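Contents: one structure, followed by commentary.
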Amino acid sequence: MTPRLRAMTDAVRALYDRNRQRGFAPWCQRDYDFVCPSMGTYPFQWFWDSCFHAVALGHVDVERSRIEVRSLLANQQPDGFVAHVTFWQRERFEDLLSTYAIAYRTPYLSDCIQPPVLAEAVAAGAQGEGADAYLEEILPRVRRYFDWLDRLRDPDRDGLIATLQPDESGLDHTPKYDGYLGVSGAVLADYTAAWERVAHPYAAVERQHERMFALDRFVDEDVFVNTIYAENQRVLGELLDRIGDRQGAREMCARAAKTSAAIVERCFDEASGLFFDLAGSGERMLKVNTVSSLMPILLRDLPDDHAAALVRHIEDPSEYAAPFPVPSVAMNEPSYLTPTADNKLVWRGPTWINSNWYIARGLRRHGRPDLARRIEDRSAALVEGDGFREYYDPRTGQGFGARDFSWTALALDLLATHEADR
Ligand code: GLC
């Protein structure tokens, strides 16, 4: 192991000890043990955060990677649904809750989804001793979750799932929703009001899926979410194959291929060479140039000319080729926002390590390890320079948002790939 990788591994181990939450939850009569996103602002268990933590834990403690996923799935509902936040130790943080805009299924579980990174999370824990037993134990639940997504979130049966609220993509204030939500820009209160315009009518229909879709308030076939969906169905197929479930493996691979094909056929805009979300029953393209538009580079079956189009954007210094790539919004988009300490809006410009984790792997899959190596190296440099922050200024590398932010530890996985390919 190189000294650089050793130092990053040690830093992640220490971070994950600081952010570990353990205890017993009387409300569900279960023990919990997970890494929270950040002690200051996010002490609960978030869905996609935990999946990313499981990936990073795969490098420091495989058993804890499995424990993270078990905690995440502990309160899976009988229909297969898994909440985007589990408020395990809610009583200790009541004051914080008033600052969140979240829809609840119960006082302890939110009622929405986040990008389904779950199969990748499981794959990270499926190595070494006990891997097969872990897969046997956990995959039936993972499969139920993906069946739930397929059954409830793809009513038009085109292979693309829809988000029903802007926060379901995890990209809460991304400018790609501005026009659709009717907000004009960088004011947090406008977003909260827009969120309520969506969430209140849902409450009136008891948050039943068919009725929420019928309201057509916010129905987004999101490129970012669906790329992750396609990849995770594919990975789930591979994992099912490992435990001998050939039928399940075939089904998941077919679904992955269908999602992938739908992204390519329906979300690609020839004129700009970018992928865009399809919004509302009219499936209007949300044409804003954000990192979401680049995500399909992750798809193995992305045609070469589409990949080349995305690479041109990634290499363009006026858009994404910043000193610390990859900014969450193209730097020449009018909505691009340079981060500042008092700005609470997320995903409007800064560089995030989780999107880098996807883009770098995509570039390796499409024959550009040189560009991937740069993203891997710069991601690690961000952490080495300014610690585990929530996001960073792509031009200066300065960190912003939450401190000791756990998913930024994906820099370890990026660095491990980088160091293995020297
Ligand atoms: C913010 C982000 C969301 C993340 C959560 C916890 O709400 O928008 O994506 O999961 O914080 O880190």
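The values are calculated or read from the model by the stated rules, or taken from the named source; none is laboratory data. All figures in this text were calculated on a predicted structure; none of them were measured in a lab. Don't worry about glycine lacking a Cβ; one is built from the backbone with ideal geometry, like all the others, and counts go over all protein chains shown. Quick note on the areas: whole protein, heavy atoms, side chains included, nothing else; ligands and nucleic acids left out. Shrake-Rupley method; radii C 1.70, N 1.55, O 1.52, S 1.80 Å.
General remarks:
- Residue tally, condition surrounded by 24 or more Cβ atoms within 10 Å (Cβ to Cβ) and in a helix (DSSP H, G or I), over segment 215-236: 12
- Single residue of segment 102-119 satisfying the filter (crowded, with 24+ Cβ neighbours inside 10 Å and away from the ligand (no atom under 12 Å from the Cβ)) that is nearest to LEU240 (Cα to Cα): ALA119
- Checking each residue in segment 187-214 for being touching a residue at least 40 places away in the same chain (Cβ under 8 Å) and either outside any helix (DSSP H, G or I) or of a type in the set (Phe, Trp, Tyr) (or both) picks out TYR191, TRP195, TYR202, ARG207, PHE213.
- Residues in segment 33-58 that are in contact with a helix residue (DSSP H, G or I) (Cβ under 9 Å, 6 or more places away or on another chain) and more than 22 Å from ASP111 (Cα to Cα) were compared, and the one that is surrounded by the fewest Cβ atoms within 10 Å (Cβ to Cβ) is MET39.
- Test for ARG30: is it out of contact with any strand residue (DSSP E or B) (no Cβ under 6 Å at 6 or more places or on another chain), open to solvent by 20 Å² or more (accessible area, probe 1.4 Å) and closer than 26 Å to LEU415 by Cβ: no
- Residue match in segment 183-199 (condition: surrounded by 14 or more Cβ atoms within 10 Å (Cβ to Cβ) and under 19 Å from the mean Cα position of the chain (by Cα)): no
- Test: residue in segment 64-73 that is open to solvent by 40 Å² or more (accessible area, probe 1.4 Å) and either more than 19 Å from the chain's Cα centre (by Cα) or within 16 Å of the ligand (Cβ to nearest atom) (or both): yes
- Pairs, first touching a residue at least 12 places away in the same chain (Cβ under 8 Å) in segment 250-275, second surrounded by fewer than 17 Cβ atoms within 10 Å (Cβ to Cβ) and assigned to a helix (DSSP H, G or I), C-beta under 8 Å, six or more apart: GLY273/ARG312
- Unique match (being within 28 Å of VAL264 (Cβ to Cβ) and touching a residue at least 60 places away in the same chain (Cβ under 8 Å)) among LEU345, LEU363: LEU363
- Here is the figure for segment 74-101: residues that are within 13 Å of the ligand (Cβ to nearest atom), buried (at least 19 other Cβ atoms within 10 Å of the Cβ) and either hydrophobic (A, V, I, L, M, F, W, C) or at pLDDT below 95 (or both) total 3.
- When segment 165-180 is limited to residues that are assigned to a helix (DSSP H, G or I) and within 15 Å of the ligand (Cβ to nearest atom), the one that is surrounded by the most Cβ atoms within 10 Å (Cβ to Cβ) turns out to be LYS176.
- Filtered by the rule that a residue be surrounded by 19 or more Cβ atoms within 10 Å (Cβ to Cβ) and charged (D, E, K, R), segment 304-324 gives a lone residue, GLU319.
- Selection status of ARG153, among the basic types (Lys, Arg) and open to solvent by 10 Å² or more (accessible area, probe 1.4 Å): no
- If you go through segment 158-193 and keep only what is touching a Lys or Arg at 6+ places or on another chain (Cβ under 6 Å) and β-branched (Val, Ile, Thr), you end up with just ILE161.
- Counting only helices (runs of 4 or more DSSP H) that sit completely within segment 345-422, those holding 1 or more residues that are within 16 Å of the ligand (Cβ to nearest atom) correspond to 353-365, 410-420.
- Within the set ARG242, ARG255, the sole residue that is at pLDDT 95 or above, over 23 Å from LEU171 (Cβ atoms) and surrounded by fewer than 22 Cβ atoms within 10 Å (Cβ to Cβ) turns out to be ARG242.
- PHE224 passes every criterion in (1) under 16 Å from GLY280 (Cα atoms); (2) within 16 Å of the ligand (Cβ to nearest atom) apart from (1).
- One residue stands out among those in segment 1-59 that are of a type in the set (A, V, I, L, M) and in a loop (DSSP other than H, G, I, E, B): the one that is nearest to the ligand (Cβ to nearest atom), which is MET39.
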